[in-house]
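Notes follow once the structure below has been shown.
The values are calculated or read from the model by the stated rules, or taken from the named source; none is laboratory data. Note that the coordinates shown come from a computational prediction; the quantities given were computed from them, not determined experimentally. In this analysis, Cβ positions are derived from the backbone assuming ideal geometry, glycine residues included, and neighbour counts consider all displayed protein chains.
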Amino acid sequence: MSIIVTLVVGFIVGLIARAIMPGNQSMGLIMTTILGIVGSLVAGYGGAALGLYAAGTPAGWIASVVGAIIVLWIYGMVSKKG
């Protein structure tokens with residue numbers, strides 16, 4: 001059950017990050033979900049591990065979106081075709 005919840009939360013966070021981030025991000029639903037999951041794991045659990053907030057709190061959701069935006073930015077820089 002927690003894997004399904006992780007996928008759904010990652011998808012939602014990825015969609016929010018893509019909506020907030022300016023520009024055109026041409027990626028599919030799978031890449032959006034992966035982006036959201038990575039952002040959630042890095043920022044959400046990273047902040048909880050540092051003791052900044054507890055996992056599952058609103059601050060964790062905000063940090064997950066911010067983390068996903070950062071991952072989206074890095075992905076855009078790495079995948080840019082020159």
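Which residues, counting only those in the stretch 56-82, are over 18 Å from residue 21 (Cα atoms) and either loosely packed, with under 13 Cβ neighbours inside 10 Å or touching a residue at least 12 places away in the same chain (Cβ under 8 Å) (or both)?
56, 58, 59, 60, 81, 82
Under 8 Å between Cβ atoms, at least 6 apart or on separate chains: pull out the pairs that start in the stretch 6-24 with a residue that is on the phi > 0 side of the Ramachandran plot and loosely packed, with under 14 Cβ neighbours inside 10 Å and end on any residue that is in a helix (DSSP H, G or I) and modelled with pLDDT of 85 or more.
Filtered contacts from the stretch 6-24: no entries.
Answer yes or no as to whether residue 48 is more than 11 Å from the chain's Cα centre (by Cα), surrounded by 17 or more Cβ atoms within 10 Å (Cβ to Cβ) and among the hydrophobic types (A, V, I, L, M, F, W, C).
In short, yes.
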